[in-house]
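All remarks here apply to the structure that follows.
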Amino acid sequence: MSVLIDENTRLAVAGITGREGSFHTLNNRSYGTNVVGGVTPGKGGQDVEGIPVFDDWAQAMASSQPNTAMIFVPPRFAADAILEAARAGVELVIAITEGIPAHDELRVYNTLAQDHPGTRLIGPNCPGILSPGKANVGIIPASFFKQGNVGVVSRSGTLTYQIGNEIAQAGFGCSSIVGIGGDPVPGSSFVDIIELFQSDDQTELIVLSGEIGGSAEEEAAEFIAESVSKPVVAYIAGFTAPAGKQMGHAGAIVSGSSGTAQAKAKALEERGVPVGRTPTEVAEIAIGILGGAPAHSS
Amino acid sequence: MDLLEYQGKQLFARHGLEVSPGKAVTNVEDAVAAANEIGYPVVVKAQVLIGGRGKAGGVKLAADEAQARQHASDILGLDIKGHLVRTVWIEHASDIASEYYASVLLDRQAKAPLVMFSVEGGVDIEEVAEQTPEKLIRHHVDPLAGLSRAEAIQIATDGGADADVVEGVADALVALYEVWLAEDASLAEINPLIVTPERKVKALDSKISLDDNALYRHPENQDLSDRENEDPIERRAKEQGVQYVALDGDIGILGNGAGLVMSTLDVVAQAGGSPANFLDAGGGSDAAKVKQAVALILSNEAVKAVLFNIFGGITRCDEVANGLIAAFEEIKPSVPFVVRLDGTNDVQGREILQQAALPNVHSARTMNEAAEKVVALAKGHS
């Protein structure tokens, strides 16, 4: 198994006719993801290399029954695109778009919770999800990863590739890699995804890659201590980040004395989660726990 | 984006919060003219984005023109914890019966706006929260419904506001929530929120942070913040759309992806070095982008060595290598570079760099090796 996306994924893409949207959609399709449609208002009836384009999500749903949406539209349209996909009944919405106003994210999060509890949002401002050998939705470079037993959840894209690649070079693969994004109000948290990995048969070890800002890592630490039996290894970026400065990601900011890397690492370590000081050390700890040689190398 | 006090007060006034009339000025003559126009006594307040202005001598009461002149000339040009005072705000002095505290912020954990109120205002609110948490009312608002007046009255009552100003405080809270909502703020704070002897409720100070991602729908707010005191390289980077944060070390850093760059800063610090900046070159770093980034990093004269840490995903390492060569041709850097290329097309990228044989460019295979090399070079170069 894997989490969230696999062979049964039926993907439709908001913003499929844009430059980035079409590039990554086709990339996902060549990986093997079943792409069943795209949505661009005003371009219904067209196609992108054989993928049908619809004017709205209701039509996409009626014609192609997507169960997964990828959002690639510009920030000012993204909130409405997410909600429209949810209204049409899509169960999983993966929002790649960076730069969505935090108040829009707040409205989206609470509207989903109240009116569409059956829809799960991943992101925004995330690289998407990859379940190696099964499906790729987003912009994660799939060539570095193969199928295996490590589940990765991260607030950062390239940092995930860095850690994942070191694990892969030691011969291990991944069940799924989930980017939850670097924004202040993400649709899914570390806790949400770790809970999925805990109940996923294929996943034997979980890597959590966090960063400064907010308290999602602290909440994950508590959840892990209470409800997770699988080993978890963590990394936190931003020990040298000055307070009050946004470090690239909208959500990566130390506010006063809260949200520091020190506090997050401490919360995790106090609950028995080892925290690597460098990405390399995270990979080494993970490999050590897995036993130095790959459990299965398919 | 953080606003200066007077800018925040303009936003307050826009949404019906009571503030004292005043004027922002940048020289002593204008300060005196403003004070004469407003009428004495006035308060002369340094406009900087840092707390503790009063203790640093940045807030003074003037009873007449001579005092206004004296205070304005003392405060303009004052350095408050590294922030140079270029603007003072002159406002009519308020009589104060009580000092309260009020704020609205985005609570990331609760995924909801949090309204806070206390009758212990005028002091550091983090201290109140720590020492007497029962005196700080915390109320989460349903973001889809907004803050109702009834809720606001309850908050004011629970917080212990004087009975005759409960309604006034509630009105202020509703207006503050409106500021937070309508202006796309992450924080809107009043400390102190004062009650005058005439029992009016008024904002004596302001602290507002706006969401940069929402500025496109607030063109009137684009030019706020403390432009003059911004780091000049940060300001230039922002204009060019580059994610750059100035730090106080001597090793220039470039990477792709915010998380990887943060991690690079940490690894360099662990190797005994001190990063001069955060720079995220983002995805798809073409030659023009790389050149622009190198120019930004090197415009900081403190930089003694530069680390390029690239893990190519969408970004192709050969493209970065070509960009670096182009940048070297034009900029001709005088400090050593350490380049670590890994990921998509890394072999080609390293080959291109090797063939170009750029002066003083060192390659490294891993992030840790790259950090150690650049730290050694930065130390040797000094």
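Read-outs: derived from the displayed coordinates by stated rules, not from any lab. Quick caveat: nothing in here was measured; it's all calculated off a predicted structure. All Cβ positions, glycine included, derive from the backbone under ideal geometry; neighbour counts span all protein chains shown.
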Exercise for the section: Please find, within region B:239-255, the residue that is farthest from the chain's Cα centre (by Cα) out of those that are facing chain A (nearest Cβ under 10 Å) and part of a loop (DSSP other than H, G, I, E, B). Expected result: B:Gly249
Problem - Top-ranked residue in region A:226-261 [being of a type in the set (A, V, I, L, M) and over 22 Å from B:Ile50 (Cα atoms); ranked as nearest to the other protein chains (Cβ to nearest Cβ)] - result: A:Ala237
Handout entry: Residue within region A:134-157 that is under 14 Å from A:Gly251 (Cβ atoms), surrounded by 24 or more Cβ atoms within 10 Å (Cβ to Cβ) and in contact with a Pro (Cβ under 6 Å, 6 or more places away or on another chain) present
Key = yes
Handout entry: Single residue of A:Asp200, A:Asp192 found to be within 13 Å of chain B (Cβ to nearest Cβ), out of contact with any helix residue (DSSP H, G or I) (no Cβ under 7 Å at 6 or more places or on another chain), closer than 19 Å to A:Met1 by Cα and of a type in the set (Asp, Glu)
Key = A:Asp192
Fill in the blank from the handout: If you go through B:Val294, B:Val306, B:Val338, the only one that is in contact (Cβ under 8 Å) with a residue 60 or more places away in the chain and crowded, with 21+ Cβ neighbours inside 10 Å is B:Val306
Practice task
With the condition kept exactly as written, say whether any residue in region B:297-305 is within 14 Å of chain A (Cβ to nearest Cβ) and closer than 28 Å to B:Glu239 by Cα.
Solution key: no
Practice task
Could you name every one of the strands (runs of 3 or more DSSP E) located completely within region B:73-140 that has at least 1 residues being within 14 Å of chain A (Cβ to nearest Cβ) and touching a residue at least 12 places away in the same chain (Cβ under 8 Å)?
Solution key: B:98-107, B:112-118, B:137-140
Exercise for the section: Return the pairs, sorted by first residue and then second, in which the second residue is part of a loop (DSSP other than H, G, I, E, B) and acidic (Asp, Glu), the first residue lies in region B:176-192 and is more than 10 Å from chain A (Cβ to nearest Cβ), the beta carbons are less than 8 Å apart, and the residues are 6+ apart or on different chains. Expected result: B:Ile190/B:Asp205; B:Asn191/B:Asp205; B:Pro192/B:Asp205
Completion exercise
Checked region A:207-217 for anything touching a helix residue (DSSP H, G or I) at 6+ places or on another chain (Cβ under 7 Å) and closer than 16 Å to A:Gly182 by Cα; matches are A:Leu208, A:Ser209, A:Gly210, A:Glu211, A:Ile212, A:Ala216, A:Glu217
Fill in the blank from the handout: When region B:216-238 is checked residue by residue, the ones that are under 16 Å from the mean Cα position of the chain (by Cα), assigned to a helix (DSSP H, G or I) and of a type outside the set (Gly, Ala, Ser) are B:Asn221, B:Arg227, B:Glu228, B:Asn229, B:Pro232, B:Ile233, B:Glu234, B:Arg235, B:Arg236, B:Lys238
Fill in the blank from the handout: Selection over region A:57-80 where residues are assigned to a loop (DSSP other than H, G, I, E, B) and buried (at least 17 other Cβ atoms within 10 Å of the Cβ) yields a count of 4
